[in-house]
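The values are calculated or read from the model by the stated rules, or taken from the named source; none is laboratory data. All values derive from a computational prediction rather than experimental measurement. No Cβ is skipped: glycine too gets one built from the backbone with ideal geometry, and neighbour counts run over all protein chains shown. Quick note on the areas: whole protein, heavy atoms, side chains included, nothing else; ligands and nucleic acids left out. Shrake-Rupley method; radii C 1.70, N 1.55, O 1.52, S 1.80 Å.
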Amino acid sequence: MATTTDDGWQLAGKTYFSRLLVGTGKYADIAQTRAALDQSGAEIVTVAVRRIDRSQAQTVLDAIDRTRHTLLPNTAGCYTAQDAIRYANLAREAGMGDLIKLEVIGDRLTLFPDNQATLEAAKVLVADGFAVLPYIGDDPVLCKKLQDLGCAAVMPLGAPIGSGLGIRNPHNLQIILQQATVPVLVDAGVGTASDAAIALELGCTAVLMNTAIAGAQDPIRMARAMRLAVQAGREAFLAGRIPRKLHAAASSPLTGLLG
């Protein structure tokens, strides 16, 4: 039976074993970022292309060991399809590869994605050879459109970015999972380890987070907790939980008892 040590998953032709993807924003410094990445066990690390300040002696890229981690540039901070396409191409030109996390924000208060603009940008980027991972709402119809379009994965939100509210709509995620032909990565809204475990227990391929780790009182310890939570959630999914019942069910047999 598969376990977390041999239970790999595929993304854009490459096999990964960690089901935790992490971001690189909001840490105190490069050293803390590097330590958190190490404790998370993540193999894929995302960085916002718009927020890399090339004028600095050190940038967040210096925290990422490219021999250990796959870099996943993202288009965070983009509010139009055109901007997202432009920053995806800038990432490619800077040598970050063809893997791109596509974000097109539709509202500055909630940071909810603009689903229509995301679909528009995804069409262009997929046609241009990118392996696109779109951040979107938990909309099963849109997820199917994006996977049919050729996206490498779909990334429905668990809750608004940075909210820490956890998985707000597990029912939509279950529908998305039932029709999925590509990896389903929960992105945004995770607050603590139990949220990550729930995503994996539902059958999601992996979970991506930043604020839940970087914003914790002890980011290094939280990174370790998230790594363990994702492993536990995946093992529980593979094990198969007992069905929910309205009434009690005795754990000891009722037959063969002494009179």
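A few points about this structure:
- Approximate spin-label separation THR15-SER252, in nm, with each point projected 7 Å along Cα-to-Cβ: 4.7
- Label-to-label distance, nm, for residues given as ASP128 and ARG108 (7 Å Cα→Cβ offset): 2.6
- Antiparallel DSSP beta bridges within the stretch 1-96, as percent of all bridges there, nearest 5: 35
- With 5 Å bins beginning at zero, the pair-distance distribution over Cα atoms of the stretch 30-139 amounts to 2, 12, 22, 22, 18, 15, 8, 1, 0 %.
- Relative to the longest principal axis of the Cα atoms of the chain, helix 81-93 runs at roughly 80 degrees.
- Ordered by 1.4 Å accessible area with all protein chains kept, VAL141, VAL207 run largest first as VAL141, VAL207.
- Positive contributions from Lys and Arg (+1) and negative ones from Asp and Glu (-1), summed over other residues with Cβ under 15 Å from the Cβ of LEU72, come out at +3.
- Taking all protein chains together and a 1.4 Å probe, the residues ILE242, ILE52 rank ILE242, ILE52 from largest to smallest accessible area.
- For the stretch 166-171, putting each phi into the Karplus relation 6.51 cos²θ - 1.76 cosθ + 1.60 with θ = phi - 60° gives couplings of x, 6, 8, 9, x, 5 Hz, in residue order, rounded to whole numbers and with x for Gly and Pro.
- 4 °C / 1.567 mPa s Stokes-Einstein diffusion coefficient of the chain, Kirkwood radius on C-alpha pairs, µm²/s: 68
- THR80 exposes around 60 Å² of accessible area when a 1.4 Å probe is run over every protein chain in place.
- Linear extension gain, LYS144 paired with ASP218, 0.36 nm per residue minus alpha-carbon span: 22.8 nm
- Spin-label model, LYS245/ASP7: points 7 Å from Cα along the beta carbon direction are separated by 2.5 nm.
- Square roots of five times the Cα gyration tensor eigenvalues for the stretch 154-259, Å: 32, 18, 12
- Net charge over other residues, Cβ less than 13 angstrom from the Cβ of SER163 (K, R count +1; D, E count -1): -1
- The candidates SER163, SER252, SER18, arranged from most to least accessible area with a 1.4 Å probe in the full protein assembly, appear as SER252, SER163, SER18.
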